[in-house]
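The values are calculated or read from the model by the stated rules, or taken from the named source; none is laboratory data. Keep in mind the model is a prediction, meaning the values are calculated, not measured. Glycine also receives a Cβ, built like all others from the backbone with ideal geometry; neighbour counts cover every protein chain displayed. In case anyone asks, the SASA skips ligands and DNA or RNA and just uses the protein heavy atoms, side chains included. Shrake-Rupley method; radii C 1.70, N 1.55, O 1.52, S 1.80 Å.
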Amino acid sequence: MSSAEFQAAVRQEEDYLRKVHPTADDIPGCMSLFDDYLLCNVLGAQVKSLYRHGRMSECRDKMDDFKFCMSLKAMHPEQKRDAWIRRRAEWWAARRVGRSSENVWDVRSEPLQSWPPRLAQDLENSASIA
């Protein structure tokens, strides 16, 4: 990932987040972020992560978000909004530009040959096996 590509993605994400969170009251509160951290650790979330990714859910990022929110307590609400938007924009830009679990599949340029198999072939193959 190039730095210019990452910075362009950050700018795009910041523009989008400023529209989604037009006022300082629209950014999530610290208690909401702490709730997200706790919900990450419940059994259901852990099982879903194990099923989807083959490992237990890592909730460190959610705790970091909560700590970051707590560090902004002394700031003016607009400064707090700007700091939060910058942090989220960098997180989304890293996801967009970097690799993710969604990059597992290769896109085909043409369909598979002889797929789906014809019913007659299946019947012939099952008859020859029996």
### Summary
Restricted to the stretch 66-125 and to residues being modelled with pLDDT of 70 or more and among the aromatic types (Phe, Trp, Tyr), the residue surrounded by the fewest Cβ atoms within 10 Å (Cβ to Cβ) is TRP115
### Message
Here's a check for you: in the stretch 22-38, which residue that is open to solvent by 70 Å² or more (accessible area, probe 1.4 Å) and at pLDDT 95 or above is farthest from HIS76 (Cα to Cα)?
### Response
LEU38
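Is the stretch 57-69 home to any residue that is acidic (Asp, Glu) and touching a Pro at 6+ places or on another chain (Cβ under 9 Å)? Give the steps one after another, and end with the answer.
Of the stretch 57-69, the ones acidic (Asp, Glu) are 58, 61, 64-65.
Then keep just the ones that are touching a Pro at 6+ places or on another chain (Cβ under 9 Å); that gives 65.
Scanning the stretch 57-69 turns up at least one residue that is acidic (Asp, Glu) and touching a Pro at 6+ places or on another chain (Cβ under 9 Å).
Would you confirm, using the coordinates I've provided, whether GLN12 is under 21 Å from VAL97 (Cα atoms) and open to solvent by less than 80 Å² (accessible area, probe 1.4 Å)? Write out each step before concluding.
Working: under 21 Å from VAL97 (Cα atoms): yes; open to solvent by less than 80 Å² (accessible area, probe 1.4 Å): no.
It is false that GLN12 is under 21 Å from VAL97 (Cα atoms) and open to solvent by less than 80 Å² (accessible area, probe 1.4 Å).
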